Every structure is written in C-alpha cells, then in structure tokens.
Amino acid sequence: MNVYFRLDCNQLIGSGHFFRSISLAKIFTKNNYKVCFITCKLGSNYKKILNDYNIQHIEIKKKQLSKIEEFDFLKKIILSLKNVPKYFIIDHYNIVFNVQKKLKLILPKLIMITDLKRRKYYCDILINPNFGASKNLYEKSFVKSNLILGPKYYPIRFKYSKNQQKKNIKFKKNNYSFLISLGSNVDEYVLLK
C-alpha cells in the first residue's frame with residue numbers, strides 16, 4: 001500500500017510541515033507502507049533525511065505552483081500510478097478547498113494537516129494539532145469522518161518522544177530542559193519582544 005504526502009519546505013519556510021510529515025511517514029513505513037513525498041525543490045539536507053528514512057521523493061521543478069497547476073500536477077501523478085494511494089496527506093497552505101474537492105474525486109482517503117483556523121476544507125480526515133483547535137472552527141468544512149484536534153495529536157519525532165515511553169521518570173529540582181519551537185519562519189525580532 002502507498003501513502004503520499006504533499007508539502008513544501010526550504011530554508012525559510014515549512015520545516016515544521018516537513019518534520020511532522022516525517023513523523024507520520026515513519027509510522028507508515030514501520031507498518032510496511034511505501035511512502036512518497038511530493039515537494040517543490042528541496043535542499044540537500046531535506047533530501048538526505050528522506051533518503052535516510054527510505055522515503056521516495058517526487059520533485060516539482062517549479063518553485064511554486066498555482067492552484068490550477070497544483071491540481072493538474074497531482075492528478076497527473078495519481079492517475080499515472082499503478083495503484084491509487086491508500087492515503088494522500090496534504091500539509092500545505094496553498095491547496096485550497098476547490099483543489100481538495102477535485103482531488104477527493106480520484107482519491108480514496110484525503111487527509112489534511114493544518115494549523116490554519118476558520119478555513120474551509122474538503123477531506124476525509126482533518127488534523128489540527130494546535131492549542132485552541134476546536135470543531136466550531138471548521139463548521140463550513142466538509143470533513144467526511146474525523147476531526148482530529150488538539151496538541152495530544154501533534155506528531156512528535158521519535159527521538160523526542162522516547163522519554164514519553166519511560167515510566168517513573170524522576171526529575172531533579174532545577175534540572176529542566178524545554179524546547180520552544182516557533183518554526184523556521186519566525187522573524188528574529190519577534191523573539192526579542
């Protein structure tokens with residue numbers, strides 16, 4: 001069975017999309033799914049990670065696609081495959097409701113990952129792992145089966161979740177480490193405020 005991810009990232013934007021998709025992809029590969037990422041041009045560091053995790057990659061030659069080009073490109077890929085992907089996961093802001101609706105006509109399961117609020121979606125499953133995500137934010141959407149909302153669903157990379165599996169962890173007083181991630185698109189001056 002095949003799983004396809006559609007996302008974009010580079011040195012300035014999208015690293016959060018990339019790494020949360022990697023976390024999900026690892027779960028699929030552990031369960032004998034073949035995984036493929038569809039992206040615009042990736043840097044060599046991202047390509048190495050895909051290679052390390054044995055994830056196939058289809059690279060779009062353009063820097064960015066218009067909404068019409070996006071659907072045409074994805075439709076061409078999907079229809080050229082021997083087997084239609086069991087799951088098609090989109091973690092991309094520019095793939096809007098009308099494109100999702102057209103894709104859903106040719107895909108068995110369309111999954112959207114987003115952190116945008118009050119936007120329309122057309123999919124089988126919508127995942128928003130952020131604080132404050134609630135059903136009323138997606139009242140105008142057509143989500144067939146599931147809304148998966150809130151931080152308990154955030155796909156944490158395995159190397160950071162190892163401690164979650166240990167029982168009876170004892171912390172020494174004043175010996176805490178915290179990771180605060182604001183993504184790769186945060187202006188350095190925002191951090192100073």
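The values are calculated or read from the model by the stated rules, or taken from the named source; none is laboratory data. Only a predicted model underlies this, so the values are computations on that prediction, with no experimental measurement involved. Note that we place each Cβ from the backbone using ideal geometry, even for glycine, and neighbour counts take in every protein chain shown. Heavy atoms of the whole protein, side chains included, go into the accessibility calculation; ligands, DNA and RNA do not. Shrake-Rupley method; radii C 1.70, N 1.55, O 1.52, S 1.80 Å.
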What is the calculated FRET efficiency for Q56 to N94, with r their C-beta to C-beta distance and R₀ = 30 Å, to the nearest 0.05?
-> 0.85
Residues in region 1-21 reached by a label modelled at K47 [backbone nitrogen below 16 Å; 7 Å Cα→Cβ] = 9-11
What figure in square angstrom, to the nearest 10, would you give for the accessible area of F97 with a 1.4 Å probe?
-> 40
Would you mind calculating the gained length between K117 and K102 on full extension (0.36 nm times residue separation, minus the Cα-Cα distance), in nm to one decimal?
-> 3.2 nm
Around K120, with a cut-off of 12 angstrom between Cβ atoms, what is the net charge of the other residues, counting Lys and Arg +1 and Asp and Glu -1?
-> +4
